[in-house]
Amino acid sequence: MNTTANVLHVGATGLVGREVLARLLAAPRVQRVVAPTRRPLAVTHAKLVNPVVDFDALPAAADWWAVDAVICTLGTTMRQAGSREAFRRVDHDYPLEVGRRAQAAGALVYALNSAAGADARSRVFYSRVKGELERALETMGFETLVLVRPGLIGGDRAEHRAGEAVAGAVLGLLGPLLPRAWRISPAARIADALVDAVLDARPGCHVIGAATLAG
């Protein structure tokens with residue numbers, strides 16, 4: 001990518017998203033960070049643009065769509081979403097629409113925080129939605145597409161997820177005994193992978209698996 005880059009980052013309020021945002025703002029090679037959110041971010045920075053948006057009605061003509069790259073860390077859980085339809089809207093439709101609009105404005109690179117097991121043919125709804133998003137992005141023709149597929153994500157979430165907390169505790173104890181692909185993927189390492197993917201973009205579609213991200 002060019003010496004300086006303009007990056008659109010969606011999902012900046014989540015566990016991985018906060019790590020990504022901090023890295024982008026600190027990176028000398030990043031000139032501008034566009035982080036659309038539902039509510040204003042608490043952080044301010046000279047190179048941060050923070051449009052407040054409705055993801056169900058994204059503005060088509062906003063000038064901030066004109067970026068070099070997209071990093072997407074949008075995601076929810078079935079419990080938070082409340083239904084399969086709502087989950088699919090957040091984890092599939094929003095990331096895809098963001099990609100379409102940014103690409104139409106000139107973006108050549110897209111880096112997605114997906115999930116281990118993402119497979120459009122999976123019988124597991126969560127994995128199938130993630131896989132369908134990956135497949136849709138692959139058809140769009142980005143010059144560079146990077147699919148980061150972490151396992152269970154480690155870090156301090158703003159909200160408590162009981163199931164993940166239990167699983168994290170178990171995996172934390174067993175970590176050294178497990179294959180790398182089964183270990184916890186620290187949010188910081190996922191963020192590093194996503195930011196490196198856009199700043200040192202290589203043509204083609206690249207997959208970064210959980211084994212690479214393991215702590």
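Any read-out appearing in this document is the output of simple, stated calculations on the displayed coordinates, not a laboratory observation. Values in this document were obtained by computation on a predicted structure and should not be read as measured data. All Cβ positions, even for glycine, are placed from backbone atoms using ideal geometry, and neighbour counts span all protein chains on display.
Counting Lys and Arg as +1 and Asp and Glu as -1 over every other residue whose Cβ lies under 11 Å from the Cβ of residue 35, the net charge comes to +3.
Relative contact order for region 13-125: what percent, with Cα pairs under 8 Å and sequence separation of 6 or more? Show your work: numbers first, answer last.
Numbers: 105 pairs, mean separation 26.4, N = 113.
Computed over region 13-125, the figure is 23 percent.
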